[in-house]
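Asks: Dropping the structure in here first, questions after.
The values are calculated or read from the model by the stated rules, or taken from the named source; none is laboratory data. What you see is a predicted model; the values in this text were computed from it and never measured. Cβ: placed from backbone, ideal geometry, glycine included. Neighbour counts: every protein chain shown.
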Amino acid sequence: MSKRKTKPAAGRRRSAPRRAGTATSRSGAGARPRRRWFLRLLAALPGVLTGLLLLWAAGFYLFAPELPDTDELVASSRQARVTLLAADGGILAERGVSGAPYVRLGEISPWLIRAVLATEDRRFYRHFGLDIVGTARALLRNLLSGSYVAGGSTITQQLAKNLYLTPERSLVRKIRELFLALWLEARLSKDRILELYLNRVYFGAGAYGAEAAARTYFAKSARDLTLPEAAMLAGLLKAPSRYAPTRDLARARARAATVLSLMVDAGYIDADIAQKARANPARLAPEGGSFAAYFTDWVLERLTRFLGKPERDLVIRTTLDPALQRRVERVVARRLDGRPGLQAAVVVLDADGAVRALTGGRSYRQSRFDRAVAGRRQPGSAFKPFVYAAAFARGYRPDSVIDDRPFTIGDWRPRNAGRRYYGRITLERAFALSVNSVAVRLAHEIGPDRVAALARRMGVTSELRAVPSLALGTSEVGPLELAGAYLPFLTGGIRRPPFAVLRVADTGGRVLYRHVPTEVRVLSPEITTAMRRLLRAAVERGTGRKARLPDRPVFGKTGTSQNGRDGWFVGFSGRHLIAVWVGRDDDRPVEGLTGGGLPAEIWRDIMKGIPAEKEVAVAAPPSEARERRREESGLALILDWLGGVFAR
């Protein structure tokens, strides 16, 4: 059987016979270009590295300051001593823990080290100064939230910023921070970086470094800190003022609980240990000397915020009158004796705005929370003077008559105490009797926004909601700011921001700060005179009768929030103004509490210790043109900012 020869299909090429070595030769041809490319890259590598090195050197030269010697870093981490003097030159307090020493890492409680690492930089021992993972995570969180909610700075970056840079936020500062962090990582060991950080970081209350913080809050060395105490200190690093246990112990403990959870996540402790620590939170140590301690804490906090960490020992001359301060503390203690759970705050200002006495509670040993400065409570009818002053600015007068009867605004009907209505009544009598419906009617007619604007102009800094109930004091304020806002009624319409520091100098006599008196007119003499008439009527024949004094005129206003949760009396006589608040920290109603009761009695007992003084005269106003130029130039705002450096 013969074999048939088949022709290839049309258009199909006959495959050429494959020759041995063809595939190998092609592979070699492809490898040669790749090899040449690799050799070129290898040859260029020294040049690239040299370029990067030069770029690094140039960048460091441009962005990084001169670094001090390591020994200088240790010396500069010492806690400076700060001495506070009273107005008479006597020593009020000494802070800085007698110059808290630099402590080595091995002398700091391991609990604090772990708490700080878990909270601030858990990859500290694994990165080179820049945590790329942490930075990327923080950037993603910020992008998703549309705002700044997380930071990616490592402990090394924070130390670099603390050592050499200002608090400003800018790209140049961030670049400098990065260069310095890398330089510190190259120059110092990880343990030394962490040691320096723990000796320099701010823990609030004027305490820099772990040793100073441990002594300030717990009266012990940093080596003896327990887990709950360490968690509380580590929690302060996020926001020392906000989470300070001396400001809000409950918030500080909640933050410490968060730190414990972070320690569990980081593997430093287990869940059972964390739960035991939460069940037994840190307790602040009793303060050895509590005289004027609230005032001292406040001054040091403002000093740190505006002047930064003291690099050398300082002497601060304050405005405090020791005799008056002792009287305030004695009166508060006596009047609250036998009233468990009740707290009080008192601020005494003179006509210049100087804080002459201040207490933030009945006992600093029991609670360091400063209700005079940090507390925010509803002022009730103590807010009404701003309503009436705004009404006088719109043409009303003390003898203007208004119809006091029930009325509604939307779904809300304001009610008078005892649901009593007086019919046609003058503004002077309505103010003296603290008639709610009249105040609301006035605010509604002139506009709550105008009332809020005037209150802010006079010194109220807290947020004011421009709603009808604003007239009844439903927006929270603090005793210090309310005292400052009342001061123009005493000074003849002149606002002088409250202040507590006269001078800051180092031990060599170099003056770092000196108070410069500032003022701006916020009320006309006519309005001031009318308001004094109303404030006098409130004491003589109104709700503030218990504040009367037999040897001098008294001007003031009571305030009571809903269900007796807060009682206020703010008033003045001669050259001194006193604001008193009474209430409970838990905001529970206090049976029988009214502004015309216990607060007015405390006010009267304190004012008895101040000799009778001549009333401050209502000064003649500057010309309208001059006043207009002053306001339009913004000078009033600038003066307020400069004058309130230590008081806002």
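Asks: Just one of (1) assigned to a helix (DSSP H, G or I); (2) over 23 Å from Gln366 (Cα atoms); (3) of a type in the set (Lys, Arg) trips up Lys238, so point out which.
Replies: So Lys238 meets the others, but not (1).
Asks: Only one of these is under 30 Å from Arg365 (Cβ atoms) and modelled with pLDDT of 80 or more: Ala222, Ala186. Name it. Can you show your working first?
Replies: Numbers: Ala186 fails: under 30 Å from Arg365 (Cβ atoms).
On inspection, the qualifying residue turns out to be Ala222.
Asks: Taking Gly418 as meeting all but one of (1) surrounded by fewer than 21 Cβ atoms within 10 Å (Cβ to Cβ); (2) over 21 Å from Phe569 (Cβ atoms), write down the number of the exception.
Replies: In the conditions (1) surrounded by fewer than 21 Cβ atoms within 10 Å (Cβ to Cβ); (2) over 21 Å from Phe569 (Cβ atoms), Gly418 misses (2) alone.
Asks: Let me spell it out: the conditions are (1) surrounded by fewer than 19 Cβ atoms within 10 Å (Cβ to Cβ); (2) in contact with a helix residue (DSSP H, G or I) (Cβ under 9 Å, 6 or more places away or on another chain); (3) among the charged types (D, E, K, R); (4) assigned to a helix (DSSP H, G or I), and Glu301 meets all of them except one. Which number is the exception?
Replies: Result: Glu301 fails condition (1) only.
Asks: Would you check if Leu84 is closer than 21 Å to Tyr208 by Cα, in a helix (DSSP H, G or I) and at pLDDT 90 or above? Spell out the reasoning first.
Replies: Values: closer than 21 Å to Tyr208 by Cα: yes; in a helix (DSSP H, G or I): no; at pLDDT 90 or above: yes.
No.
Asks: In addition: Answer with yes or no whether Glu631 is acidic (Asp, Glu), farther than 18 Å from Tyr486 by Cβ and at pLDDT below 60.
Replies: On the way: acidic (Asp, Glu): yes; farther than 18 Å from Tyr486 by Cβ: yes; at pLDDT below 60: yes.
Yes: the conditions hold for Glu631.
Asks: Something else: Any residue at all in segment 364-371 that is farther than 22 Å from Gly564 by Cα and either of a type in the set (Gly, Ala, Ser) or part of a helix (DSSP H, G or I) (or both)? Outline the logic, then answer.
Replies: Step one: of segment 364-371, the residues farther than 22 Å from Gly564 by Cα are 364-368.
Imposing the further condition that a residue be either of a type in the set (Gly, Ala, Ser) or part of a helix (DSSP H, G or I) (or both) reduces the set to 367.
Yes, some residue in segment 364-371 is farther than 22 Å from Gly564 by Cα and either of a type in the set (Gly, Ala, Ser) or part of a helix (DSSP H, G or I) (or both).
Asks: What do you reckon, is Arg503 in contact with a strand residue (DSSP E or B) (Cβ under 9 Å, 6 or more places away or on another chain) and under 21 Å from Val616 (Cβ atoms)?
Replies: Working: in contact with a strand residue (DSSP E or B) (Cβ under 9 Å, 6 or more places away or on another chain): yes; under 21 Å from Val616 (Cβ atoms): no.
Taking the combined requirement at face value, the residue does not satisfy it.
Asks: Quick one: would you say Asp272 is outside any strand (DSSP E or B), of a type outside the set (Gly, Ala, Ser) and touching a Lys or Arg at 6+ places or on another chain (Cβ under 8 Å)? Can you show your working first?
Replies: Values: outside any strand (DSSP E or B): yes; of a type outside the set (Gly, Ala, Ser): yes; touching a Lys or Arg at 6+ places or on another chain (Cβ under 8 Å): no.
No; evaluated as a whole, the condition is false for this residue.
Asks: Could you tell me which numbered condition Lys614 fails, if it satisfies all but one of (1) at pLDDT 50 or above; (2) part of a helix (DSSP H, G or I); (3) of a type in the set (Lys, Arg)?
Replies: (2)
Asks: Continuing with the same structure: Scan segment 233-242 and tell me whether some residue there is hydroxyl-bearing (Ser, Thr, Tyr) and either in contact with an Asp or Glu (Cβ under 6 Å, 6 or more places away or on another chain) or surrounded by 22 or more Cβ atoms within 10 Å (Cβ to Cβ) (or both).
Replies: No, because not a single residue in segment 233-242 is hydroxyl-bearing (Ser, Thr, Tyr) and either in contact with an Asp or Glu (Cβ under 6 Å, 6 or more places away or on another chain) or surrounded by 22 or more Cβ atoms within 10 Å (Cβ to Cβ) (or both).
Asks: Sticking with this structure for a sec: Hey, could you check segment 275-298 for residues that are in a helix (DSSP H, G or I) and within 28 Å of Gly360 (Cβ to Cβ) and say which is modelled with the lowest pLDDT? Walk me through it before giving the result.
Replies: Residues of segment 275-298 in a helix (DSSP H, G or I): 275-279, 293-298.
Checking which are within 28 Å of Gly360 (Cβ to Cβ) leaves us with 278, 293-298.
Values: Arg278: 97, Ala293: 92, Tyr294: 94, Phe295: 96, Thr296: 93, Asp297: 89, Trp298: 93.
Checking each candidate, the answer is Asp297.
Asks: Test Arg536 against the stated conditions and say whether it is surrounded by fewer than 17 Cβ atoms within 10 Å (Cβ to Cβ), on the phi < 0 side of the Ramachandran plot and either of a type in the set (Val, Ile, Thr) or at pLDDT 95 or above (or both). Give the derivation first.
Replies: Numbers: surrounded by fewer than 17 Cβ atoms within 10 Å (Cβ to Cβ): no; on the phi < 0 side of the Ramachandran plot: yes; either of a type in the set (Val, Ile, Thr) or at pLDDT 95 or above (or both): yes.
For Arg536, the condition - surrounded by fewer than 17 Cβ atoms within 10 Å (Cβ to Cβ), on the phi < 0 side of the Ramachandran plot and either of a type in the set (Val, Ile, Thr) or at pLDDT 95 or above (or both) - is not met.
Asks: Being within 30 Å of Arg496 (Cβ to Cβ), among the basic types (Lys, Arg) and under 26 Å from the mean Cα position of the chain (by Cα) narrows it down to one of Arg456, Arg394, so name that one.
Replies: Details: Arg394 fails: under 26 Å from the mean Cα position of the chain (by Cα).
The match here is Arg456.
Asks: Filter segment 395-432 down to the residues that are polar (S, T, N, Q) and in a loop (DSSP other than H, G, I, E, B) and list them by number.
Replies: Just the residues of segment 395-432 that are polar (S, T, N, Q), to begin with: 400, 408, 416, 426.
Result: Ser400, Thr408, Asn416.
Asks: Inspect all residues belonging to segment 336-343 and state whether any of them is of a type outside the set (A, V, I, L, M), in a loop (DSSP other than H, G, I, E, B) and buried (at least 21 other Cβ atoms within 10 Å of the Cβ). Steps first, answer last, please.
Replies: The initial filter retains those residues of segment 336-343 that are of a type outside the set (A, V, I, L, M), namely 337-341, 343.
Cutting the leftovers down to in a loop (DSSP other than H, G, I, E, B) gives us 337-341.
If we keep only those that are buried (at least 21 other Cβ atoms within 10 Å of the Cβ) as well, we get none.
Taking every residue of segment 336-343 in turn, none turns out to be of a type outside the set (A, V, I, L, M), in a loop (DSSP other than H, G, I, E, B) and buried (at least 21 other Cβ atoms within 10 Å of the Cβ).
Asks: Output the residue which, of all residues in segment 505-543 that are in contact with a helix residue (DSSP H, G or I) (Cβ under 6 Å, 6 or more places away or on another chain) and β-branched (Val, Ile, Thr), is nearest to Lys557 (Cα to Cα).
Replies: So the residue we want is Val539.
Asks: Within the set of pairs 6 or more residues apart or between chains, which connect a residue that is closer than 11 Å to Asp566 by Cα inside segment 583-605 to a residue that is among the hydroxyl-bearing types (Ser, Thr, Tyr) and buried (at least 19 other Cβ atoms within 10 Å of the Cβ) with Cβ atoms less than 6 Å apart?
Replies: Once the first residue is closer than 11 Å to Asp566 by Cα and sits in segment 583-605, its partners that are among the hydroxyl-bearing types (Ser, Thr, Tyr) and buried (at least 19 other Cβ atoms within 10 Å of the Cβ) give Thr594/Thr560; Gly595/Thr558; Gly595/Thr560.
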